[in-house]
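Shown next, in structure tokens, is the structure this report addresses.
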Amino acid sequence: MVLAVDVGNTRIKAAVFEGDILVENFVFVKNELQKNIQNILKKYNKFADLVISCVGDVEKQSFLEFENDLKVHFMSHEDIFPFVNCYATPKTLGIDRMVLAAGATLQFPNQNRLVIDAGTCVTFDFIDEDNNYLGGAITPGLRLRYESLHNYTAKLPLLTLESPKGLIGNSTSDSIHSGVVNGLVYEIDGFIDEYSRQYSNFIIILTGGDTEFLAKRLKNTIFANSNFLLESLSQTFQYKIKND
Ligand SMILES: Nc1ncnc2c1ncn2[C@@H]1O[C@H](COP(=O)(O)OP(=O)(O)O)[C@@H](O)[C@H]1O
Ligand SMILES: CC(C)(COP(=O)(O)O)[C@@H](O)C(=O)NCCC(=O)O
Ligand SMILES: [K+]
């Protein structure tokens, strides 16, 4: 069994894999990392590997204490990936984005792929049909947009995610919900439309904490899978073992 852990900038996601099958998944916050991992290890008690993709500020040491129980692998830029990295600054590319690109390459062979990860930030990653990772875009995610409006103004309240009542916000809160939610939805659809002008055919994968909320609001057809990063992490790890 493999325990895959994704440390994002907001939350930590973990999933238990038996071969390719996702058996159970977990979400927790940074300061409950060790307690949660311990509980998962105790519950299944037959893990061989712990594989981690980390872009959040969690110390490596927090995972190394589990080395007595299983093998601990941190995905890194030095690993083998199934695509050619054409990013001009490959060493600064988020390891989560590399894992997403690897998952898209392995799961959807011989086609152009656009991966959209709606987490703390919304990231776009494009891998062409020849398996060249070209790059993409980074923009603030939904919660970050609400927080920025509050943190950088004197008068705007901090609101939590809500469906806008319509296009035209008729109060401060309605205006914020329309701006944040409609704004991101139009942005994503706008990006997809622009990609469509350059590439006649590509599949779109949407993942991250805001997947469900966004999926039903986009006009474009996408393949929505909240677990895509964890599944990709497990697949990238298997790929690394086979090709090392
Ligand atoms: N319990 C929660 N806590 C924080 N964010 C949440 C929660 N549930 C859903 N979200 C949404 O998930 C997004 C963050 O996604 P996530 O995948 O956890 O980010 P990251 O991978 O960057 O840690 C936020 O924009 C927020 O709207
Ligand atoms: C862009 C990110 C902050 C996204 O993080 P997340 O929203 O998943 O927490 C992360 O992929 C990162 O730190 N990237 C480094 C810069 C780059 O990818 O070019
Ligand atoms: K992201």
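Approximating the spin labels as points 7 Å out from Cα along Cα→Cβ, the LYS42-to-ALA88 distance works out to 5.1 nm. Shown in residue order for the range 57-64 are the 3J(HN,Hα) couplings computed by the Karplus curve 6.51 cos²θ - 1.76 cosθ + 1.60 at θ = phi - 60°: 9, 10, 5, 3, 4, 4, 9, 5 Hz (x for Gly and Pro). Packing around the peptides 183-190, 8-15, 85-92, taken as the average count of other Cβ atoms within 10 Å per residue, puts them in this order, highest first: 8-15, 183-190, 85-92. Each distinct pair of alpha carbons in the range 201-244 adds a 1/r term; the inverse of their mean, the Kirkwood radius, is 11.9 Å. Kirkwood Rh over alpha-carbon pairs of the range 67-206, then Stokes-Einstein at 10 °C and 1.306 mPa s: what D in µm² s⁻¹, rounded to an integer? Value of D from the Cα-based Kirkwood radius: 93 µm²/s.
Normalising the average separation of contacting C-alpha pairs (under 8 angstrom, six or more residues apart) by the number of residues puts the relative contact order of the range 107-157 at 27 percent. Percent relative contact order of the range 84-233, based on C-alpha pairs within less than 8 angstrom and at least six residues apart? Relative contact order comes out at 24 percent. A Förster distance of 30 Å, applied to the separation of the beta-carbon atoms of PHE74 and ALA154, puts the FRET efficiency at 0.10. All distinct Cα pairs of the range 1-134 go into the 1/r average, and the inverse of that average, the Kirkwood radius, is 15.8 Å. Across the range 177-183, rounded Karplus estimates of 3J(HN,Hα) from the backbone phi angles (6.51 cos²θ - 1.76 cosθ + 1.60, θ = phi - 60°) give 4, 5, x, 6, 6, 4, x Hz, Gly and Pro being marked x.
Quick note: the coordinates plus some simple rules give every number you see, no bench work behind them. Everything quoted here is computed from the prediction, not taken from an experiment. Counting neighbours? That spans all protein chains shown, and the Cβs are built from the backbone with ideal geometry, glycine included.
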